[in-house]
1. Run through the DSSP bridge list for the chain and note the antiparallel percent, rounded to the nearest 5.
2. Project the alpha carbons of the range 210-342 onto their principal axes and report the range along each, largest first, in whole Å.
3. For the range 287-362 and the range 96-173, write down the distance between their C-alpha centroids in whole Å.
4. For Cys318, Cys313, what's the fewest-to-most ordering of other Cβ within 10 Å of each Cβ?
5. Efficiency by 1/(1 + (r/R0)^6): what FRET value for Ala262 and Lys133, r their Cβ-Cβ distance, R0 = 30 Å, to the nearest 0.05?
6. Taking amide H positions as placed 1.01 Å from N in the peptide plane, with prolines and chain starts having none, which residues 5 or more places from Asn92, or on another chain, fall under 5 Å of its amide H?
7. Quick one: Cα convex hull volume of the chain, Å³ per residue?
8. From the helices alone, meaning DSSP H stretches of at least four residues, give me the mean residue ellipticity at 222 nm for the chain, per-run term -39500 (n - 2.57), in deg cm²/dmol to the nearest 500.
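Laboratory data are not the source of any read-out in this text; all were calculated from the coordinates shown. From a predicted model like this one, the values you see are computed outputs, not experimental measurements. All Cβ positions, even for glycine, are placed from backbone atoms using ideal geometry, and neighbour counts span all protein chains on display.
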Amino acid sequence: MTFSQKIEQLKTFAYEIGINKVGVCRAEAAASYPFFERWLDEKKHGDVSVGVEDAKSSVNRGMTYLLRRREARKHPNSILRNVKSLMIVALNYDSVNPPTQTTPTLSQPEQFGVVAEYARGCDYHDVVRAKLKRLEQKHRELFPEAASRIVADSAPILEREYALRAGLGRLGRNTLLLNEQCGSRFFLGVLLSTAEFYAEDLQQKNAEMPLSCLPREKSCEHCGRCVAACPIGALDEPYQLDARKCLNYWLIEFTGNEIPSAIRQRVGNRLFGCDTCASVCPFNQRNAKPSFAEISDEDLRRMSLRRQLEHGCLSIACIESLDEAAFHEQFFGTPIFRLGLTNLKRNADVVKENGLNVDFCD
Ligand code: B12
Ligand code: SF4
Ligand code: SF4
């Protein structure tokens with residue numbers, strides 16, 4: 001079997017196991033590393049709070065994990081010695097957590113908190129890792145001499161740059177990778193290999209790609225809906241996200257025990273994460289979900305929190321009455337479990353406090 005036939009087999013296998021998009025690229029130095037470094041130096045990862053001086057950050061670890069081994073992101077060989085190639089996979093949110101067949105129509109929205117779409121069920125890290133493990137096994141059969149590693153947010157690599165290089169999408173102004181077919185609602189994972197599995201033409205293209213040529217989505221130039229819709233101005237600099245403002249940072253990554261007042265009002269009824277800049281994007285609206293049967297507040301309240309999660313809304317009263325054992329039972333294996341009960345209650349307090357005096361997200 002020729003090399004390219006082996007790659008085709010590996011890609012076909014990826015699709016067979018439910019991966020939605022797959023592409024390969026050379027394991028070169030990350031052209032966008034200086035951009036990443038500048039972003040950290042400017043503290044945009046949320047290390048320091050700007051305009052939020054009342055943040056009680058004594059126990060905040062935030063995203064300081066991005067600072068550890070930051071230079072490792074310069075080249076994928078920090079993860080696998082002699083790495084030659086990368087296979088990047090994309091898994092749609094729907095493939096990780098199929099959408100429920102009902103849509104909540106809340107008459108008392110202030111009593112529920114909204115959970116970001118990506119988090120409505122299984123933890124994507126587990127699902128992506130399981131698929132990558134199967135892919136790695138197939139890779140071992142096809143390339144027995146080669147060494148490999150898999151990464152599902154588990155090692156320092158600038159995933160989006162390599163996904164761009166592998167042709168999985170283009171860079172959106174909201175910093176998400178956009179794809180014609182899947183919009184931006186997908187997760188990325190990486191298989192690193194010491195085998196060389198790219199075609200000649202790709203080799204040429206990647207070697208010559210300077211930072212300024214990273215493919216940006218053309219339609220963003222005349223759109224800007226994400227920037228206008230962001231409730232807190234986190235996207236004010238084009239193609240950059242300031243995590244010190246982003247509600248995802250405050251609701252998911254921030255580990256301090258009190259969210260600052262300047263942020264609280266902007267949270268609205270978001271309990272875990274924010275989808276606003278993704279949901280207004282025409283790329284996602286094009287691929288919008290079909291409409292489902294409606295479900296009322298009362299029906300939702302009768303469900304377990306685990307089932308409410310599938311519908312994207314959690315009852316604040318139910319969260320308030322949770323203890324550690326019940327939290328474990330309801331949320332183990334979901335992204336909410338990583339947040340922990342204390343911080344879930346912290347977020348629920350903000351939603352409750354906001355009551356009906358804020359604009360609610362959909
Ligand atoms: C830290 C992090 C966050 C932070 C910061 C987000 C951010 N935009 O940087 C927070 C907590 C806010 C976050 C939120 C979300 N995240 Co996140 N996050 C990450 C993580 C772990 C690192 C990203 C990072 O390094 N950021 C630092 C900045 C500097 O990098 P960047 O914006 O990615 O920019 C790179 C390129 O796009 C390019 N680039 C960007 N701008 C420009 C401009 C120019 C001029 C040039 C030349 C290049 C360039 O260079 C940069 C460096 O490589 C990645 C996983 C990973 N290992 O990469 C997931 C990841 C980016 N997140 C993901 C997801 C799904 C989300 C959420 C949708 C989840 C949610 N609903 O809550 C939101 C989306 C918010 C948003 N608009 O980005 C997915 C994105 C999939 C996609 N379609 O793009 C990833 C890849 C995780 C995964 N394995 O699937 N996330
Ligand atoms: S909303 Fe518009 S500007 Fe923002 S990423 Fe989507 S297409 Fe680009
Ligand atoms: S996720 Fe929400 S807060 Fe963060 S940049 Fe997008 S719209 Fe703004």
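1. 80
2. Computed over the Cα atoms, the extents are 52, 39, 29 Å.
3. Their Cα centres are 21 Å away from one another.
4. Cys318, Cys313
5. It comes to 0.10.
6. Here Asn20, Phe187 satisfy the definition.
7. For the chain, the hull spanned by Cα atoms encloses 142 Å³ per residue.
8. Taken over the chain, the calculation gives -9500 deg cm²/dmol.
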